[in-house]
Every structure is written in structure tokens, then in C-alpha cells.
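Worksheet for the structure shown next.
The values are calculated or read from the model by the stated rules, or taken from the named source; none is laboratory data. All of these numbers come straight from a predicted model, not from anything done at the bench. Side chains are part of the model used for accessible areas, which takes the heavy atoms of the whole protein and leaves out ligands, DNA and RNA. Shrake-Rupley method; radii C 1.70, N 1.55, O 1.52, S 1.80 Å.
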Amino acid sequence: MLRLPQALLLLRLSCPPCVTATRGRKSRTDPPAKSKASRIKYPPMVCIEELLNVRHRYREYTAILGAMRADFKEEMLRSRFEQQVGSFAEQRLHLEAVEHAALMAWNKEENMKALRRRLQRLKVEDQAFTILRKEATKLRDAAEQEEQHKRELEIRRLQDLSKTFITPENLLERIEAALDSPKSYNFCLDRDGRIQRQGAGQ
């Protein structure tokens, strides 16, 4: 049987660790403590010489900082004026003109390339449309010829059938042929299409 050493048993915790509760701050509506209810708050003691020395040094600091800021601002405004009005502005305008001319040349070249591509595409589309139109014309002509052939066959079939039609000219001949025919049409049909003759079983 496997037994655990005693050191491992001592390391096990029998209860969770204790966490000390932290006290929060008092709100504005809480009453003051009894020991501090009658206390009067006085401002801290200040050395007059030290206060005057700090104020003097602060005025000197603000004056030096303002002078430095004014100097930097003047230098920045002078450089900006030189860039906008002076020789730097002229050089900048020249460079901008050169760059504009180069961009316009590049734009014109790109427009010409796009125009050539468009003309090539339109030419290809025109050729494809012409081929499709020819094929559609051929298919339409073939369909018209087939329809005409079907109509001709139908006309021939009707002409062949018209030979057996009863007309006023052959009416007497057809009557005599029907009377001389031994075939009897004296019968009827039931709902299932069977022939029912007279005298047959119902």
C-alpha cells in the first residue's frame, strides 16, 4: 500500500486563508467622530521669507519661459514668411510647376493607353456582335425553312385527305357506296368504349 509522506500532509490547508477587511472612506453625510467633533482646523504655518522667495522664483521662471516661447514663435513665423514669400516660395513654385507638368504628361499618356484599350475592346465586341448576328440570322433562316417545310407537309397531307372528303359532286356516289357496303354501323359504345350491338347481352 502506498503512503504519503508526513510533509505533504502538513502542507494541506484545513481552512481557507484569512483576508483582512479593509475600511472604506467616509461619505460626506457621515457624522464626524466624537473625538474630532469639537476640533477646529487651522491652516498650516508658512514661512513668510520662503513664500516670498518661491513667488519671486516663479515670476522669474514664467518670464524666462515666456521669452523663450516668444523667441521660438518669432523664428517659426520668420521661416514661414520666407517659405511663403521669399526665395523658398519661388523655388517651391518652380518645383510644383515641374511636378504638375510631369503629372499632366503622365495623365495624358495614361488616357491614351485607356483610349487604345477601349478602341480595341470595342473592336472585339463589334466582331463578336457581328458573328452572333450572323449566327442568329442563320438560325432564324433555318427555323423559317423548317417551318415552311412543315407547312408544305401539312398542306400535302390535307390535300391527300381532301380526296376522301364528301363534296356535292360525289355525294350520290358516296351514298351508293355506303348502301352497297356490307359493313353495319348499327351499334353503340358503352362508357368503356366496347361495342354494344342489338340483341347482345347487357
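Being open to solvent by 100 Å² or more (accessible area, probe 1.4 Å) and more than 36 Å from the chain's Cα centre (by Cα) is the filter here; which residues of region 96-132 pass it?
Correct list: GLU99, HIS100.
Looking only at region 75-91, filter to residues that are open to solvent by 100 Å² or more (accessible area, probe 1.4 Å) and of a type outside the set (S, T, N, Q); which one of those is modelled with the highest pLDDT?
Going through the qualifying residues, I end up with GLU75.
Here are LEU103, LEU122: which of them is of a type outside the set (Asp, Glu) and within 30 Å of PHE81 (Cα to Cα)?
Going through LEU103, LEU122 in turn, just one is of a type outside the set (Asp, Glu) and within 30 Å of PHE81 (Cα to Cα): LEU103.
So which residues in region 139-184 are assigned to a loop (DSSP other than H, G, I, E, B), within 30 Å of ARG197 (Cα to Cα) and open to solvent by 100 Å² or more (accessible area, probe 1.4 Å)?
Listed by number, the residues that qualify are PHE165, ILE166, PRO182, LYS183.
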